[in-house]
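**Student:** This is the structure I have questions about; it appears just below.
The values are calculated or read from the model by the stated rules, or taken from the named source; none is laboratory data. From a predicted model like this one, the values you see are computed outputs, not experimental measurements. Counting neighbours? That spans all protein chains shown, and the Cβs are built from the backbone with ideal geometry, glycine included. Just so you know, the surface numbers come from the protein's heavy atoms only, side chains and all, with ligands and any DNA or RNA stripped out. Shrake-Rupley method; radii C 1.70, N 1.55, O 1.52, S 1.80 Å.
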Amino acid sequence: MKKVAVVYWSGTGNTLAMANEIADELKNSELEVNVLNCSDFSESDVANYDGFAFGCPAMGSEELEDSEFEPMFESVEKSLSDKPVLIFGSYEWAEGEWMQTWQERCVADGINLACDGLIAYDYPDDAALEECRRAAKDLANALK
């Protein structure tokens, strides 16, 4: 059975809700899924998984959370090029520019994104949760 790590940082619970929805849908695709706070994941863990979903909300002036998530992601991003990846997160201001910047960074690093970066405004509503399920299916399909 293929393994997927859903690695997130969440300050208010919005991105965690997205992580849990993605994880549940991945489990429906008969994948082994571990949901991990970013502080519990490091470069040495990458080899243990076949695919990844990374979640981080927009922080500050449209950037990744910089004390825990950014250092973790920076340490693993060069090791992800041969495995499918989903990126996601929530925001409460601006237009979600942080996700576009993050997606461009991933593409420049040669990361195989299963779909475009997924964003939800504030706490994910029903439409955003449906998008989480759709993105999880895209990731599951990329693992086949």
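**Student:** Calculate the spin-label point distance for Thr101 paired with Asn37, positioning each point 7 Å from the Cα along the beta-carbon direction, and give it in nanometres.
**Tutor:** 2.5 nm
**Student:** Taking the Cα centre of the chain as origin and charging only Cβ (+1 Lys, Arg; -1 Asp, Glu), how large is the dipole, in debye to the nearest 20?
**Tutor:** 700 debye
**Student:** Carbon and sulfur together cover what percent of the accessible area of the chain at a 1.4 Å probe radius?
**Tutor:** Answer for the chain is 43 percent, counting heavy atoms of protein chains only.
**Student:** Another question, then. Among 51-57, 124-130, what's the highest-first ranking by average C-beta atoms within 10 angstrom per residue?
**Tutor:** Descending packing order for the listed peptides: 51-57, 124-130.
**Student:** Which GluC sites (Glu not before Pro) does the range 3-53 hold that lie in a coil by DSSP with at most 12 other beta carbons within 10 Å?
**Tutor:** When the GluC sites (Glu not before Pro) of the range 3-53 are filtered for loop state and at most 12 Cβ neighbours within 10 Å, Glu30 remain.
**Student:** Give me the percent of DSSP beta bridges within the chain that run antiparallel, rounded to the nearest 5.
**Tutor:** Looking only at bridges with both residues in the chain, the antiparallel portion is about 5 percent.
**Student:** Might you report the magnitude of the Cβ-based charge dipole of the range 40-98 about its Cα centre, with Lys and Arg at +1 and Asp and Glu at -1, to the nearest 20 debye?
**Tutor:** Computed charge dipole of the range 40-98: roughly 280 debye.
**Student:** Tell me what the chain gives for mean residue ellipticity at 222 nm when only DSSP H runs of n ≥ 4 count, each as -39,500 (n - 2.57), the sum divided by the residue total, rounded to 500 deg cm²/dmol.
**Tutor:** -11500 deg cm²/dmol
**Student:** Could you tell me which residue out of Ser10, Leu26, Ala120 lies farthest along the dipole of the chain toward its positive end? Charges go on the beta carbon: Lys and Arg +1, Asp and Glu -1, centred on the Cα centre.
**Tutor:** Leu26
**Student:** Next question. Give me the distance in nm between label points sitting 7 Å out from Cα along the Cα-to-Cβ direction at Ala127 and Met1, one decimal.
**Tutor:** It is 3.5 nm.
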